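Peer 1: Structure incoming, see below.
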Amino acid sequence: SGYITLDPGFKNTGSTESAITFLDGEKGILRYRGYPIEQLAEHSNFIEVAYLLINGKLPNRHELDQFQGTINRHSLVHENMKLMLQAFPAHAHPMGVLSSLMASLSTFYPESQNPHRAPEMVNLTIIRLLSKMPTLAAMAHRNSSGAPIMYPKNSLGYLENFLYMMFGMPTEEFSIDPVIVDALDKLLILHADHEQNCSTSTVRIVGSSQANLYSSISAGVSALWGPLHGGANQAVIEMLENIKADGGNIEKWIDKAKDKDDSFRLMGFGHRVYKNFDPRAKIIKKAADDVLNKLGINDPVLEIAKKLEEIALQDEYFVQRNLYPNVDFYSGIIYRALGIPTEMFTVMFALGRLPGWIAQWKEMTERKEPIGRPRQVYIGENVRDYVHMADR
Ligand code: CMC
């Protein structure tokens, strides 16, 4: 009924008004709640940015301490989750494990399933999500590598605790390199929100049916996994490794990306909204140099990445289509330098994006948005009569 506008991929369709993230793709501007991403990456930390996104303002000292303290106290997960973890096959991809475990949280907190939630209940769910996701992410990694699960240590900061659960050993002292914490802080801040991207729209649309927040976030994790979205960070490193193994023949791979009969794309290149540059990529490229320098790491893959960028940016194909390195192009090189295994890269993205998903879900519910339900234009068969089996 009525006239339906078709817009596959929602390239020109706004789904909401939002007060969280401002993005200007032509000018390469990104701001959370009005604050430029460059300033937040330089001066803030991830927990403060999480507070900012979710609550709309920077916390004062007391508010931040309280936020951080509450998050620390909820970091344990139910012991039975370890049994679930054991049921996954060896080498299970941690994104598959993470989305499953995140959805299962809703069964441990059944009150989250009640759509008529009191605000305190919503706040507790938000805290539990922020608190337990690093625990579950680290568990997914430990399980796939056969290492014992490390319980969270609540005296540690958010990222220190995550690193401890990822890399600590029950029999050894664990020391944390501040260079690594700083780098992670920066990376997670840069990933914390990006307005109505695929995973965020997924969280909002799942949440719009009044499904519980744990399940909505789990859906976001699944959407993020795809190589055209957050999965690109793993795909970039795999691509760079392939180029290296192939003798560093960058031109050949660029030709492959340009070939319309070949489904291969230059991973970490191009963006739906950024048409001049991705401001996150700019910061991350510099951070990659800094971190590798500070840690004294010489990664030949960084050289290949820089060369690839240089050649692509001079190539007519990429110039004409406004294809620039995106957030995922250099992030994997930093994660690798920090000792994070390749298959955990997209999990890192999910950890970073969690506050954004939560803030967007909260905005959607507070605005009492209607259930998300796009229309279509039917192009199938016209009416026809059922044919009995014997007559087919
Ligand atoms: N390599 C080669 N060609 C490309 C690439 C690429 N990476 N990206 C876009 N193109 C071409 C595409 O083939 C099309 O060409 P033509 O006009 O001749 O058909 C043109 O550029 C426009 O691309 P599109 O697919 O219509 O653009 P889109 O807005 O639908 O897709 C994108 C955006 C990010 C999915 C796409 O650029 C892509 O697949 N990039 C590689 C994957 C990637 O790095 N994803 C991470 C995105 S940033 C972080 C995030 O979202 O999580």
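Peer 1: Take the Cβ-Cβ distance between ASP385 and ILE4 as r, set R0 to 30 Å, and report the resulting FRET efficiency rounded to the nearest 0.05.
Peer 2: For ASP385 and ILE4, the calculated efficiency is 0.60.
Peer 1: If you don't mind, there's one more thing I want to ask. What are the semi-axes of the equivalent ellipsoid of the stretch 177-256, taken as the square roots of 5 times the eigenvalues of the Cα gyration tensor, listed largest first and rounded to whole Å?
Peer 2: For the stretch 177-256, the ellipsoid semi-axes come out as 32, 19, 10 Å.
Peer 1: What is the distance, in nm, between label points placed 7 Å from the Cα along the Cα-to-Cβ direction at LEU313 and at ASP177?
Peer 2: Placing both labels 7 Å beyond Cα along the Cβ direction yields 2.7 nm.
Peer 1: Which value results when the Cα radius of gyration for the stretch 137-209 is divided by 2.2 N^0.38 Å?
Peer 2: Cα Rg divided by the expected 2.2 N^0.38 Å: 1.42.
Peer 1: Along the charge dipole of the chain, pointing to its positive end and built from +1/-1 on Cβ of Lys, Arg, Asp and Glu, which listed residue (GLY339, GLY14, HIS116) has its Cα farthest out?
Peer 2: The residue sitting most towards the positive pole is HIS116.
Peer 1: Something else about it: Would you check the accessible area of LEU338, probe 1.4 Å, heavy atoms only, in square angstrom rounded to 10?
Peer 2: Number for this one is 10 Å².
Peer 1: Could you name the aspartates and glutamates whose alpha carbon sits less than 19 Å from that of LYS294, not counting residues in the same chain fewer than 8 places away?
Peer 2: Straight-line reach from LYS294, under 19 Å: GLU42, GLU160, ASP177, ASP182, ASP185, GLU303.
Peer 1: Using alpha carbon centroids, what distance separates the stretch 150-197 and the stretch 57-102, in Å?
Peer 2: 12
Peer 1: At 1.4 Å probe size, what's the solvent-accessible area of GLU309? Round to the nearest 10 Å².
Peer 2: Approximately 20 Å² for this residue.
Peer 1: In deg cm²/dmol and to the nearest 500, what is the mean residue ellipticity at 222 nm of the chain if only DSSP H runs of at least 4 residues count, each as -39500 (n - 2.57), divided by the residue total?
Peer 2: Calculated from helices alone, the mean residue ellipticity at 222 nm is -17500 deg cm²/dmol.
Peer 1: Enumerate the calculated ³J(HN,Hα) couplings along the stretch 19-33 in order (Karplus 6.51 cos²θ - 1.76 cosθ + 1.60, θ = phi - 60°), each rounded to whole Hz, writing x wherever the residue is Gly or Pro.
Peer 2: After applying 6.51 cos²θ - 1.76 cosθ + 1.60, I find 10, 9, 10, 9, 9, 10, x, 6, 8, x, 10, 9, 9, 9, 6 Hz.
Peer 1: Can you pull the accessible area of ARG375 for me, 1.4 Å probe, Å² to the nearest 10?
Peer 2: Using a 1.4 Å probe on the heavy atoms, I get roughly 140 Å².
Peer 1: Considering only VAL347, VAL206, VAL221, give the residue with the highest GNM mean-square fluctuation for the chain, with springs between Cα atoms whenever their separation is below 10 Å.
Peer 2: VAL206
Peer 1: Using a Gaussian network model of the chain whose springs link C-alpha atoms within less than 10 Å, name the residue from ILE371, ILE340, ILE29 with the highest mean-square fluctuation.
Peer 2: Largest GNM mean-square fluctuation: ILE371.
Peer 1: Would you mind calculating the relative contact order of the chain from Cα pairs under 8 angstrom and at least 6 residues apart, reporting the percent as a whole number?
Peer 2: Relative contact order, the chain: 23 percent.
Peer 1: Which of the aspartates and glutamates could a cross-linker bridge to LYS260, judged by Cα under 18 Å and excluding same-chain residues fewer than eight apart?
Peer 2: Leaving aside aspartates and glutamates fewer than 8 places away in the same chain, those within reach of LYS260 are GLU251, ASP315, GLU316.
Peer 1: Then there is this: With bins 10 Å wide starting at 0, give me the P(r) of the chain over every alpha carbon pair, in whole percents.
Peer 2: The calculated distribution, bin by bin, is 4, 22, 31, 25, 12, 4, 1, 0.
Peer 1: ³J(HN,Hα) across the stretch 184-191 via Karplus (A = 6.51, B = -1.76, C = 1.60, θ = phi - 60°), whole Hz, x for Gly/Pro?
Peer 2: 5, 3, 4, 4, 5, 4, 5, 9
Peer 1: Something else now. Using alpha carbons only, how many angstrom separate the centre of the stretch 238-263 from the centre of the stretch 312-331?
Peer 2: Between the Cα centres of the stretch 238-263 and the stretch 312-331 lies a distance of 14 Å.
The values are calculated or read from the model by the stated rules, or taken from the named source; none is laboratory data. As the structure is a computational prediction, the values presented were derived from the model and not from experiment. Methodologically, a virtual Cβ is constructed for each residue, glycine included, from the backbone with ideal geometry; neighbour enumeration extends over all protein chains shown. Just so you know, the surface numbers come from the protein's heavy atoms only, side chains and all, with ligands and any DNA or RNA stripped out. Shrake-Rupley method; radii C 1.70, N 1.55, O 1.52, S 1.80 Å.
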